[in-house]
Amino acid sequence: MIKLFQVFAVWITIFLPAHLFGQEKDTIVTSKNLGKVIIMVVPFSPQMIDANGDQFICAKSDINAGQFSDMVRTSFTLALMENLNEYYDVVEPKDNLADQNSDISVLYQIFRYKTLHRKLKSYVKGYPNFSLWQKIGPAYLRWGSDCVNDQKQKPERNNHKFDKAEIIKGKDSIYSSIMNFHDASYTLIITDFEMTTRFKTCLDLQSNVFQRDFYVHYSLLNYDGKYLSGGVVGTTYQSSTNDIKKIIDHNFSLLSGLIVANIRNKIPSQ
């Protein structure tokens, strides 16, 4: 009798819960309800690159302006994803711009950019210290000018233009469906890429001595499309090279690392 009761108790334990709860709807397992952080990285739109002095790089690297833009866009996205991947899972929409209905094309259509002016989030100085003569002398001794266009080009760090990404009103459901498809918790969108090329003198231009300022704009949005953080990071890179690969290797991991450092306190650790 005891054995029969034990068998019955085992049957109740195993089969009854399955029978009682088998009629419930399946739970959809997503990053949101698991608390897992997945960041969707959106590259900057091909129209959102402002690069002067790229003709010197193109000539040296045997590429045209379109190829330069593509290399910058692809390489920076890769560097950013690699830096993010140290802390989070990362996804990227398929980069199919030829298809107007692709996720990347639709994302560009539902975002608008609001121009603000802010202090840089982070800046890395990549040029030698000024000499005493440069410090006490006129500004062109420190920063020079573009002797081609005769424009002063001192790096603007305290009141820099910032292109902030926002979802167009009424497009929230489209954004949500894309987030669900990619199982993403956050979106990190690069909104603008700037490169300014500066020469101290025309002799520097002839001798290939350049200072290049790089600025990258970014916006972080949550699953619901709420803006969480954003800004501009920058660096000034002094060199005598116009080799696109060397420029990318020296600067893009640095700049993307600055972005990751700035957003980590906005995203829970995994």
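The values are calculated or read from the model by the stated rules, or taken from the named source; none is laboratory data. The structure displayed is predicted, hence computed values, not measured ones. No Cβ is skipped: glycine too gets one built from the backbone with ideal geometry, and neighbour counts run over all protein chains shown.
Criterion applied to R212, R157 was being in contact with a strand residue (DSSP E or B) (Cβ under 9 Å, 6 or more places away or on another chain), at pLDDT below 95, surrounded by 14 or more Cβ atoms within 10 Å (Cβ to Cβ) and outside any loop (DSSP other than H, G, I, E, B), and the one residue passing it is R212.
If only residues of the range 102-130 that are in a loop (DSSP other than H, G, I, E, B) and modelled with pLDDT of 95 or more are counted, the one that is farthest from the chain's Cα centre (by Cα) is S102. Residues in the range 45-87 that are of a type in the set (S, T, Y) and over 15 Å from D243 (Cβ atoms): S45, S69, T74, T77, Y87. When the range 241-257 is filtered for residues that are more than 14 Å from the chain's Cα centre (by Cα) and either surrounded by fewer than 19 Cβ atoms within 10 Å (Cβ to Cβ) or in a helix (DSSP H, G or I) (or both), the ones remaining, listed by number, are T241, D243, I244, K245, K246, I247, I248, D249, H250. If you go through the range 230-245 one residue at a time, do you hit one that is modelled with pLDDT of 90 or more and under 30 Å from N101 (Cβ atoms)? For the range 230-245, residues modelled with pLDDT of 90 or more and under 30 Å from N101 (Cβ atoms): present.
Within the range 51-109, restricting attention to residues that are among the aromatic types (F, W, Y) and closer than 14 Å to M195 by Cβ, which residue is surrounded by the fewest Cβ atoms within 10 Å (Cβ to Cβ)? The extreme case among them is F56. Note on the range 110-131: among residues that are surrounded by 15 or more Cβ atoms within 10 Å (Cβ to Cβ) and among the aromatic types (F, W, Y), the one that is nearest to T236 (Cα to Cα) is Y127. When the range 73-120 is filtered for residues that are touching a residue at least 40 places away in the same chain (Cβ under 8 Å), among the acidic types (D, E) and within 20 Å of Y175 (Cβ to Cβ), the ones remaining, listed by number, are D89, E92, D95, D103.
For the subset of the range 26-45 comprising residues that are modelled with pLDDT of 95 or more and in a loop (DSSP other than H, G, I, E, B), which member is farthest from the chain's Cα centre (by Cα)? Checking each candidate, the answer is S45.
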